[in-house]
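Just so it is clear, none of the values below were taken in a lab; they were calculated from the coordinates. Keep in mind the model is a prediction, meaning the values are calculated, not measured. Here the Cβ is made from the backbone with ideal geometry for all residues, glycine too, and neighbour counts use every protein chain on show.
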Amino acid sequence: MKKLSLPLIVLMSALSVACNQVEKSTPQASKDSAASTTETVEKNSGPKVMADAATIIARKEVPILCYHQIRDWTGSDSKGARDYIRPVEAFKADLKLLADSGYHTVLPDQLYDYLAYGSPLPSKPVMLTYDDTDDDQFTIAAPEMKKYGFKGVFFLMTVSLNRPKYMTRDQVKQLVDEGHTVTSHTWDHHSVKGYKTEQDWVTQIEKPKKTIEDITGKKALDFAYPFGLWNREAIPELKKRGVRSAYILSTKRDPDDPLYTIRRIIASGYWSAPTLYKSMVESFH
Ligand SMILES: [Zn+2]
């Protein structure tokens, strides 16, 4: 079911990257990272006031990469599927290139505070996200990130927990104990655009959030839309259920609700590490 829509996402992703390539960011701007937008940090006088949507949109975007499976391709992997399977050596090269280029990983708590309140981020921030609960994210991605002191964000579909080839609950708990963030990507990967009843929201949003919180002992406040697909009607439903931010793919953000349309790009299995790096720099500005 989730495989069927994948080519569509790839196409959307490719189009968006292509569009973004027209607007070249200056080397100055990409080097400057978040520093230029952090001088407006609120003074410690009284409660923090959340920035309005226009201010949030105007902040420099933090690059966010979206990974799925991390393993070598096999003969039975279809052409379409390979976009979502990052070969192990390519993944290792990605992290090395990011580390060698001076990037620091950030997590949703930091990104939220930066976007909503202007809190400072480390220089050259990047977010590494992993969707769909695949077990190689635990066995390959997590140890590789550890080499560089990187932390990642794991968006789980909770239906897959403890199933073969997916992460177990114990592994999820270990990721959180090691400082990574684990949060929700629905129960079974149905798009929010198709929810018809209150029960759909309970099944796909409320229960998975609670399941993850029960496993990790931490709040699961952030959310990634399956297939990156969202609509304006979904946003109040997410807010009502305690979701404070939501991640899309490389389509346009909602000017009125940028915290619920945070952009990511898919780390295509076909790209070399330098191509991924270039796409990242060009897509986020
Ligand atoms: Zn997914």
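Summary of computed values
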item	result
Equivalent ellipsoid semi-axes, the range 75-216, via Cα gyration tensor eigenvalues times 5, rooted, Å	26, 21, 15
Above-threshold pairs, the threshold being 18 Å between Cα atoms, out of Lys147/Lys173; Lys96/Lys147; Lys96/Lys124	Lys147/Lys173
Sparse-neighbour loop sites [trypsin sites (Lys or Arg not before Pro); the range 130-223; at most 15 other C-beta within 10 Å; DSSP]	Lys165, Lys196, Lys218, Lys219
Cα gyration tensor shape for the range 78-130, rounded if a/c is under 1.5, else prolate or oblate	oblate
Amide H within-cut-off set for Arg263, under 5 Å, with H built and near neighbours excluded	Ile248
